[in-house]
Structure formats: structure tokens, C-alpha cells
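So the structure is just underneath, and the comments pick up after that.
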Amino acid sequence: MHRSSSDIIPLDLAVDQIIRMIFRTAAKKESILDLNRYIDKQISVKFSGGREVVGLLKGYDTLVNLVLDECEEFIRDPEEGQRVGNEKRHLGIVVCRGSAVMLISPMDGTEEIANPYANGEAI
């Protein structure tokens, strides 16, 4: 089938339309996380690489960059990567890069338990 020249859209115009559509869709997307309800509340943040901090959430953005106050880092055993009891290091105000954040958890109403599958003890 032969198309007339009026049926063909110039490549730069098509790319421009696609880019506009992507940005409109991205602007309408709502965040999965409703971090606003955790402002001024204590949260736990785990990072890629194993670090873990606890602090008061003071701010965040759409990229999940976080600002924490009264922040403390849990000390880990460098060989095993596991926590060393409840040893902590006081950090104060911390800006957390969103691309490194793996887990955000409120401290109220949660309790951390040992992984039953780590040692093969589970059925």
C-alpha cells in the first residue's frame, strides 16, 4: 500500500510528541509511598550495602531523597554485615540519597525479628 506524503509524520515531530506524552504521564503519577504521614516521626531506613539508620523524617522529594534529624546509625560487624547488638553512632542531621534507599519503615508498630531461614532452622 502506498502512503501519501500527508500521512507521514516527520521524525522530530513524532519524537517531540512522545516526549511530551511521557512527561505528562510522569507528572500525573502518584508516589507509591505516602511519606507525608511520617513527617516528624521516627523511621528506619536501610540502604544498599547494608547500612541502617533511624531518625526523624524532616523532608523528602519525589526521588525519595530523605532528610532525617536526630539520626543514629546501627554499627555492623564488618566481617558478617550483621548488627552488633544495639551499638549506635549518633549522626545528627542526615541527607539520604534516594537511589541508595532500599527500605523505609516506621518505627511505631513494628518489631524486627530474626530471619528463621538464615540458618536452615525453618521447616
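The values are calculated or read from the model by the stated rules, or taken from the named source; none is laboratory data. Owing to the predicted nature of the structure, the values given are computational and were not obtained by experimental measurement. Glycine also receives a Cβ, built like all others from the backbone with ideal geometry; neighbour counts cover every protein chain displayed.
Things worth noting here:
- Restricting R97, R51 to those that are modelled with pLDDT under 90 and among the basic types (K, R) reduces the list to R51.
- Verdict on D61 being at pLDDT 65 or above, at positive phi and acidic (D, E): no
- Residues that are assigned to a loop (DSSP other than H, G, I, E, B) and more than 11 Å from the chain's Cα centre (by Cα) were ranked within the stretch 32-48; the one that is modelled with the lowest pLDDT is D34.
- Hits in the stretch 48-76 - residues which are hydrophobic (A, V, I, L, M, F, W, C) and buried (at least 16 other Cβ atoms within 10 Å of the Cβ): V53, V54, L56, L57, V64, L66, V67, L68, C71, F74
- Looking only at residues in the stretch 84-120 that are assigned to a strand (DSSP E or B) and touching a residue at least 60 places away in the same chain (Cβ under 8 Å), the one that is nearest to V67 (Cα to Cα) is I104.
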